[in-house]
Structure formats: C-alpha cells, structure tokens
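The values are calculated or read from the model by the stated rules, or taken from the named source; none is laboratory data. All figures in this text were calculated on a predicted structure; none of them were measured in a lab. Cβ placement follows ideal geometry from the backbone for every residue including glycine, while neighbour counts extend to all protein chains displayed. With ligands, DNA and RNA removed, areas are computed over all heavy atoms of the protein, side chains included. Shrake-Rupley method; radii C 1.70, N 1.55, O 1.52, S 1.80 Å.
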Amino acid sequence: MNAKILVVDDEQAIADMVDIILRKEGFSHVDICGSVNEATKQIEKVKYDFFILDIMLPDGTGLELAERIRPTNNAPIFFLTAKVSDADILRGFMSGADDYITKPFNPLELAARVKVHSKRYNALRNVTIPEETFDYGRFQLNISAAELIIDGEKTILSGKLFHLLQLFCEHPGQVLSKEQIYEQVWGDDYYVDDNTIMVHIRKLREKIEVDPGRPALITTVRGVGYKLVKGE
C-alpha cells in the first residue's frame, strides 16, 4: 500500500510495534516521531495519508498536533493512548480525530481499523464520480472534488465531518436519527453514546453556521435527531 503513515509516540517500544504491525499489513511507508516538534518538522516535509498520535508527548500533546494538522490535511487521524476518560475522548474528536484506540490494544484491531479508514479515505480522494454540488447559499459541498466552500473560501473538513455533511445534504429536510447518522457515517451497525455525534454536529455547525449557538441550517429535533434545512 502506498499510504504514507506518521506514528507519533514517545514510547519507542509501542511505536516500533505499530510500525511492525502496519508493515506486515502492507503499509510500506511508516515514519516514527517521538515529539510534537519532531512531528511538526516531518509534516512540513511529507504529505501524509494517515496519522497515529499519542496524546501525552514530551513537549505537548497529540491533541495540539491534530489541531495543527487538520486545517491543511483531511487524512484520518487516530489517537493511540492510555487516556480513556470521556473528556479525553471528546476532546480528541473536537481536535479532528477519526478514531480512538486505547492502550493496551489488540494489534489485529489496530491493523483492521487503519485499513478500513485508509480505504475510505482513498476512495473519497480517488474515485471519479459525476460532478455533484450541493448549494445551500452560504456553503457549497462539491462531492466529486471533496471540497467545502464557505462564503467563497475552501475549508478543510475531516473525513467524518465531510461524510456527515454529505449525509445531511443528500437528505435535506429529513430528520435523521442518531442511530441512522452513526450507521451511515461511522459505517458500523451499532450505536454509541450521544456525545460522539453531538461533538461532530457541534464541529460541523462551527464550520457552516453564521451563529453556531443559534443554528439555522442544522437544526435539532428534540427527542428525534437532526435535519438540514435550506438557508435563506
């Protein structure tokens, strides 16, 4: 596989294990860094297709690093960490994460998740599909180019946020339950806690709404779910 993967973890044994796992699964380009500073320099030199970040690093956090990555790169971001509180998980998603794996972890599970997210990311980038643009006044979502334009400016979305907005655009005016959203966007047949979806809805509102605190585009239907309404 040609995907370029960056692993950032200051525990050398874990970083080496992840490297071995990924190479066994066919990922031939895996770079390892042990700090935010080292990773930042590496990101300036290489356009990565996947990031696996520890949260606690010697000179900062993986959360800070994800926030630096996301504005210019919508590649999948995984957090691989021993921090497992709800607050940590939510902050990870707020920072732009696509998935979250706790230590100790099952190597086969890590490999499987990386392969699934990598496949989806490549499909989104490389598959040629007919030009399709959803125009909601303030924003336009171009599916074939995987671009979000807000007030005339291109905006980077994480893979999850892009698929979430696409789902809403494909079902305008339709109330989507949290279960439907999770199954369609996350691709799993089970449902997680409300907070995961709420965080992503909040992040999406921060992108497309004039006033995220008083959303006019993505509205909440209490007790049911969410819907996208046509802006004026």
Legend entry - Largest to smallest accessible area among MET17, MET56, MET94 [probe 1.4 Å]: MET56, MET17, MET94
Inset, instruction - Averaging over all projection directions, find the projected area of the Cα convex hull of the chain and quote it in nm² with one decimal place. - result: 13.0
Inset, instruction - Scan around VAL8 for amide H atoms under 5 Å from its own, H built in the peptide plane at 1.01 Å from N, and keep only partners 5 or more places away or cross-chain. - result: CYS33, ILE52, LEU53, ASP54
Inset, instruction - Round to a whole angstrom and tell me the spacing of the C-alpha centers of the range 24-47 and the range 141-219. - result: 29
Inset, instruction - Specify whether the C-alpha gyration tensor of the range 1-73 places it in the rounded, prolate or oblate class, a ≥ b ≥ c being the square roots of the eigenvalues: rounded for a/c under 1.5, otherwise prolate if a/b is larger than b/c and oblate if not. - result: oblate
Inset, instruction - Determine the relative contact order of the chain: mean sequence separation of Cα pairs under 8 Å and six or more apart, normalised by residue count, in whole percent. - result: 14
Inset, instruction - Just grab the label-to-label distance for GLN12 and ALA216, each label 7 Å out from Cα along the Cβ direction, in nm (one decimal). - result: 5.8
Legend entry - Surface share of carbon and sulfur [accessible, 1.4 angstrom probe, percent] for the range 1-59: 51
Legend entry - Apportionment of accessible area to carbon and sulfur, the range 133-228, percent (1.4 Å): 45
Legend entry - Sequence-separation-based contact order of the range 133-228, relative, with Cα cut under 8 Å and 6+ spacing, percent: 24
Inset, instruction - May I ask you to compute the full-extension gain from ASP59 to LYS45, defined as 0.36 nm times their residue separation minus their alpha-carbon distance, rounded to one decimal in nm? - result: 3.0 nm
Inset, instruction - Please list LYS178, LYS24 in order of solvent-accessible area, largest first, computed with a 1.4 Å probe with all protein chains present. - result: LYS24, LYS178
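Taking the Cα centre of the chain as origin and charging only Cβ (+1 Lys, Arg; -1 Asp, Glu), how large is the dipole, in debye to the nearest 20?
340
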Legend entry - Accessible area per residue, Å², the chain with all protein chains present, probe 1.4 Å: 50
Inset, instruction - Let me know the shape class of the range 14-55, please: from the alpha-carbon gyration tensor, a ≥ b ≥ c as square roots of the eigenvalues, rounded when a/c is under 1.5, otherwise prolate if a/b is greater than b/c, or oblate. - result: oblate
Inset, instruction - Would you kindly derive the ³J(HN,Hα) couplings of the range 98-107 from the backbone phi angles with the Karplus curve 6.51 cos²θ - 1.76 cosθ + 1.60 (θ = phi - 60°), listing them in order in whole Hz, with x for Gly and Pro? - result: 9, 7, 8, 10, 9, 8, x, 10, 7, x
